[in-house]
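Taking it in order: structure first as C-alpha cells, then the write-up.
The values are calculated or read from the model by the stated rules, or taken from the named source; none is laboratory data. Here the structure is a predicted model, which means the values were calculated and not measured. Every residue, glycine among them, receives a Cβ derived from its backbone with ideal geometry; neighbour counts consider all protein chains shown.
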Amino acid sequence: MKLVDVSNLIPKNGTVALISDIHEGVISRADCIYDAIERCEKKKSKVFLGGDLIEGRWVHHPYYDKAAQEGKFKCVAEQAKSVAKMLRPIKKNIIATGVGNHEESQSLREIIDVSGYIHEQLGIKRPHGYWSIKAKIGEDRLFYTHGSGSVNSMAGDAKQRYDNDVRKIRRKLRDLAGDCVVMAIAHIHKLRIGKPIEELTIVEENGKQKEVYTTIDMYRKSGLPFPETLRWYCSTGSFFRGYMEDVTTYVERAGYAPTELGYIEIQMHQGKVVDVREVKL
C-alpha cells in the first residue's frame, strides 16, 4: 500500500476522478476513454488511475485471444506508450497511477514497470506502481485499490442486484482503511456506489434526552475511525467492451453481463468530500 498526502494538489472545490481498467491493446477497448479524458480536462479534475491500463496478455494466457489482440499493439511497451499518449492532455491532473493484475502478472513485471514507463513517457514524477493507495485529499482520505475477485449478484431484479453488489464491495473494503471517507475498488468492471447512511440515535445532553443523526462531520471532528455505514463505497467502472460485433471476448464466452463503461467522480467542497457520482459513458 502507498500512503500519500496530496492535499496540496487537490482543489478545495472541484472534482477527483477515479479511472481504471482501460485495457489498451485489445480491439474491445472502448473509445469513450477519450470522452472521460476530455471531461477531466474541461473540469480540471484531479485523477487517480486504478490499474489494468493495458491488456498485457501473453499468448499462453487462458484469456488471450488472437482475433481480439491482433494488430498495432501486440507489444506491451507499445500498449503502455499508447496509454501515455491518450493521457497526455491530463498529465498535469494525474495524482497517482496504480497497477492491476494485467500489469502485475509474474512474467510481465519482470520485463517492464508499466506505470513507471507511462509516467516516464508523460514526464511526471508522482506516486506509481502501487496496488492500493491511501491518500489524504483535503480534510478527508481516499482508499483506492485495484482489488480482486468478482461481484456478480444473481438476485431477482436490477435494484436487488445493484444493492447486493454494493454489499459485497463494502465487505471487501470495510476493514482495510477505517479512517477513509471514500473506499474504492477497480477490477470489477462495474459502476457501483454505496452512499453513507446517517442513522438516528438517542443521546443525553445536559440531562435531557435528545435524538441526533450520526454524521460524517461528527467523526471528522473526533478523529475516530468512521463507522462502516458512514463511508462511500464504490467500484470504478471500465473501458473494456464485453460484447462487440465480429469479436468474441472472454466476457461473452463466460456469459457475463455487459461491462459498464465509465468512471467515478468525487465532488469536493471546502476541502471535504460531499458526494460520489457515477459517470456513465
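Kindly indicate whether any position in segment 56-66 is at pLDDT 95 or above and within 22 Å of Arg241 (Cβ to Cβ).
As a first pass, look at segment 56-66 and keep what is at pLDDT 95 or above: none.
Within segment 56-66, not a single residue is at pLDDT 95 or above and within 22 Å of Arg241 (Cβ to Cβ).
Please identify the pairs in which a residue from segment 217-237 that is closer than 18 Å to Val276 by Cα has its Cβ atom under 7 Å from the Cβ atom of a residue that is at pLDDT 95 or above and part of a helix (DSSP H, G or I), counting only partners at least 6 apart or on another chain.
Every condition considered, the pairs that remain are Glu228/Arg170; Tyr233/Val166; Tyr233/Ile169; Tyr233/Arg170; Tyr233/Leu173; Ser235/Ile169.
Please tell me if Leu87 is part of a strand (DSSP E or B), modelled with pLDDT of 95 or more and in the same structural domain as Gln270 (by TED's automatic domain parsing).
Numbers: part of a strand (DSSP E or B): no; modelled with pLDDT of 95 or more: yes; in the same structural domain as Gln270 (by TED's automatic domain parsing): yes.
No.
For segment 23-56, what are the residues that are aliphatic (A, V, I, L, M), in a loop (DSSP other than H, G, I, E, B) and within 19 Å of Lys92 (Cα to Cα)?
Pass one, segment 23-56, residues aliphatic (A, V, I, L, M): 26-27, 30, 33, 36-37, 47, 49, 53-54.
Within this subset, residues satisfying the condition of being in a loop (DSSP other than H, G, I, E, B) are 26-27, 30, 53.
The one that is aliphatic (A, V, I, L, M), in a loop (DSSP other than H, G, I, E, B) and within 19 Å of Lys92 (Cα to Cα): Leu53.
Cβ-Cβ below 6 Å, separation at least six or inter-chain, first residue in segment 9-31 and touching a residue at least 12 places away in the same chain (Cβ under 8 Å), second among the basic types (Lys, Arg): which pairs?
Qualifying pairs under 6 Å: Ile10/Lys46; Thr15/Lys43; Val16/Lys46; His23/Arg29; Ser28/Arg241; Ala30/Arg241.
Find the residue count for segment 224-281, including only residues that are in a strand (DSSP E or B) and either within 30 Å of Ile137 (Cβ to Cβ) or outside the structural domain of Leu142 (by TED's automatic domain parsing) (or both). Before you say what the answer is, go through the steps one by one.
Residues of segment 224-281 in a strand (DSSP E or B): 232-236, 238, 240, 243-244, 247-248, 261-269, 272-280.
Then keep just the ones that are either within 30 Å of Ile137 (Cβ to Cβ) or outside the structural domain of Leu142 (by TED's automatic domain parsing) (or both); that gives 232-236, 238, 240, 261-269, 272-280.
Going through segment 224-281 one residue at a time, the tally reaches 25.
With respect to Glu120, determine if the residue is assigned by TED's automatic domain parsing to the domain that holds Lys272, more than 21 Å from the chain's Cα centre (by Cα) and at pLDDT 95 or above. Walk me through how you get there before you give the answer.
Numbers: assigned by TED's automatic domain parsing to the domain that holds Lys272: yes; more than 21 Å from the chain's Cα centre (by Cα): yes; at pLDDT 95 or above: yes.
Judged against the criteria, Glu120 is a match.
Give the residue that is modelled with the lowest pLDDT, with candidates limited to residues of segment 176-202 that are among the charged types (D, E, K, R), out of contact with any Asp or Glu (no Cβ under 8 Å at 6 or more places or on another chain) and under 20 Å from Gln267 (Cα atoms).
Start the filter on segment 176-202 by keeping residues that are among the charged types (D, E, K, R), which leaves 179, 190, 192, 195, 198-199.
Among the residues that remain, those that are also out of contact with any Asp or Glu (no Cβ under 8 Å at 6 or more places or on another chain) are: 179, 195, 198-199.
Among the residues that remain, those that are also under 20 Å from Gln267 (Cα atoms) are: 179, 195, 198.
Values: Asp179: 96, Lys195: 97, Glu198: 90.
Ranking the qualifying residues of segment 176-202, first place goes to Glu198.
Go through segment 155-195 and give me each residue that's within 29 Å of Pro258 (Cβ to Cβ), without any contact (Cβ under 8 Å) to a residue 60 or more places away in the chain and either in a loop (DSSP other than H, G, I, E, B) or among the acidic types (Asp, Glu) (or both).
Listed by number, the residues that qualify are Ala155, Gly156, Asp157, Asp163, Arg174, Leu176, Ile188.
Residues are listed down the side, and each one gets a yes or a no for (1) surrounded by fewer than 16 Cβ atoms within 10 Å (Cβ to Cβ); (2) out of contact with any Leu (no Cβ under 8 Å at 6 or more places or on another chain); (3) under 23 Å from Val16 (Cβ atoms):
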{"residue": "Ala158", "(1), (2), (3)": "yes, yes, no"}
{"residue": "Val166", "(1), (2), (3)": "no, yes, yes"}
{"residue": "Ile169", "(1), (2), (3)": "no, yes, yes"}
{"residue": "Ala177", "(1), (2), (3)": "no, yes, yes"}
{"residue": "Ala184", "(1), (2), (3)": "no, no, yes"}
{"residue": "Glu198", "(1), (2), (3)": "yes, no, yes"}
{"residue": "Ile202", "(1), (2), (3)": "yes, yes, no"}
{"residue": "Lys208", "(1), (2), (3)": "yes, yes, no"}
{"residue": "Thr215", "(1), (2), (3)": "yes, no, yes"}
